[in-house]
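FYI, it's all coordinate maths here, none of it is from the lab. The structure displayed is predicted, hence computed values, not measured ones. Ideal geometry is used to build each Cβ from the backbone, glycine not excepted, and the neighbour counts take in all protein chains shown.
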Amino acid sequence: MSASKNTGRIARRFAALKAGGRAGLVTFIMAGDPDHETCAALLDGLPAAGADLIELGMPFTDPMADGPAIQAAGLRALAAGARMTRTLDLVRGFRKTDAETPVILMGYYNPIHAYGVERFLADAKAAGVDGLIVVDLPPEEDAELCLPALKADVNFIRLATPTTDDKRLPAVLKNTSGFVYYVSVAGITGAASATDDAIVAAVTRLKRHTDLPVAVGFGIKSPEQAAAVARVADASVVGSAIVSRIAANLDADGKAKPGLVEDALAFVRDLAAGVRGARS
């Protein structure tokens with residue numbers, strides 16, 4: 001079962017980043033936001049804009065850990081007809097032109113449970129999904145999805161937070177694979193940002209407990225903030241700021257304005273420049 005911890009696209013990408021002496025940029029967009037076609041164009045353009053790994057949100061009606069920006073994105077996607085089969089279609093389409101950039105599905109257990117765990121893992125793997133981040137399944141529920149995912153050679157990425165103490169960490173890290181996602185602030189996505197000192201201390205502590213790469217997210221809104229994280233962590237994760245940029249390019253009816261994809265990708269390019277120049 002440990003095989004999926006050290007092989008596959010996620011491990012290869014972090015190894016390449018380490019060899020290149022820099023951190024990675026992990027970008028988040030919501031599957032199907034603001035519509036399927038626009039999302040597909042965004043997804044296809046992210047690697048060239050500088051995204052090293054991609055998190056694709058699985059739309060859900062009750063996203064309790066997400067702030068207003070990502071909640072709104074999920075509701076837009078659902079209103080535009082998003083569902084799990086179409087989320088997997090997006091990954092399948094992306095894999096036609098990109099065989100190397102890791103894609104991680106992020107969200108809640110309910111849509112996966114409704115789809116059927118075994119069927120979901122088989123279809124996700126076949127589509128080209130590399131990992132899962134499921135925010136409402138604690139380690140005590142590993143038998144539900146985490147262990148079957150590892151068996152199917154799909155990385156299961158766990159969140160650690162400022163409240164995850166040294167006593168709790170071993171349970172959190174036990175079956176984690178791919179990387180550890182450190183949530184730098186307690187609370188919802190898109191909230192306030194952590195101080196640089198707090199991030200340094202947290203990453204140092206996590207590294208004492210695991211050999212896995214540590215990616216840091218929540219509250220990173222600018223190339224400068226992404227660079228500050230990239231100096232100490234293995235990757236900077238940006239979600240709400242990109243999703244907000246997408247929302248800023250919608251008309252009064254919530255439809256994509258011309259130039260939405262270009263504008264969002266230009267922002268990702270700025271973030272990537274910050275991350276890539278962080279250690280030089």
- Message: Considering only residues that are touching an Asp or Glu at 6+ places or on another chain (Cβ under 8 Å) and surrounded by 13 or more Cβ atoms within 10 Å (Cβ to Cβ), which ones fall in the stretch 246-271?
- Response: Ile246, Asn249, Lys255, Ala256
- Check Ala122, Ala73, Ala77, Ala65 and return the single one that is more than 18 Å from His36 (Cα to Cα) and in a helix (DSSP H, G or I). Ala122
- Task: Would you check if there is a residue in the stretch 157-172 being out of contact with any strand residue (DSSP E or B) (no Cβ under 6 Å at 6 or more places or on another chain), within 25 Å of Arg276 (Cβ to Cβ) and in a helix (DSSP H, G or I)?
- Result: no
- Task: Scan the stretch 85-92 and give yes if some residue there is part of a loop (DSSP other than H, G, I, E, B) and of a type in the set (D, E, K, R), otherwise no.
- Result: no
- Near pairs, Cβ below 6 angstrom, 6+ apart or cross-chain, from the stretch 69-89 (of a type in the set (Gly, Ala, Ser)) to any residue that is assigned to a helix (DSSP H, G or I): Ala69/Ser240; Ala69/Val243; Ala69/Ser244; Ala73/Val243
- Message: Which count do you get for residues in the stretch 120-132 that are surrounded by fewer than 24 Cβ atoms within 10 Å (Cβ to Cβ) and closer than 16 Å to Met58 by Cα?
- Response: 5
- Please report, ordered by residue number, the helices (runs of 4 or more DSSP H) entirely within the stretch 1-61 with at least 3 residues that are free of Cβ contacts under 8 Å to residues at least 12 places away in the same chain. 8-19
- Message: So, in the stretch 102-119, exactly how many residues are over 13 Å from Met58 (Cβ atoms) and in a helix (DSSP H, G or I)?
- Response: 3
- Note on the structure: The residue from Ala241, Ala247, Ala264, Ala171 that alone is on the phi < 0 side of the Ramachandran plot, among the hydrophobic types (A, V, I, L, M, F, W, C) and over 20 Å from the mean Cα position of the chain (by Cα) is Ala171
- Item | Scan of the stretch 17-34 for residues that are more than 19 Å from Ala228 (Cβ to Cβ), in contact with a Leu (Cβ under 7 Å, 6 or more places away or on another chain) and aliphatic (A, V, I, L, M), ordered by number | Ile29, Ala31
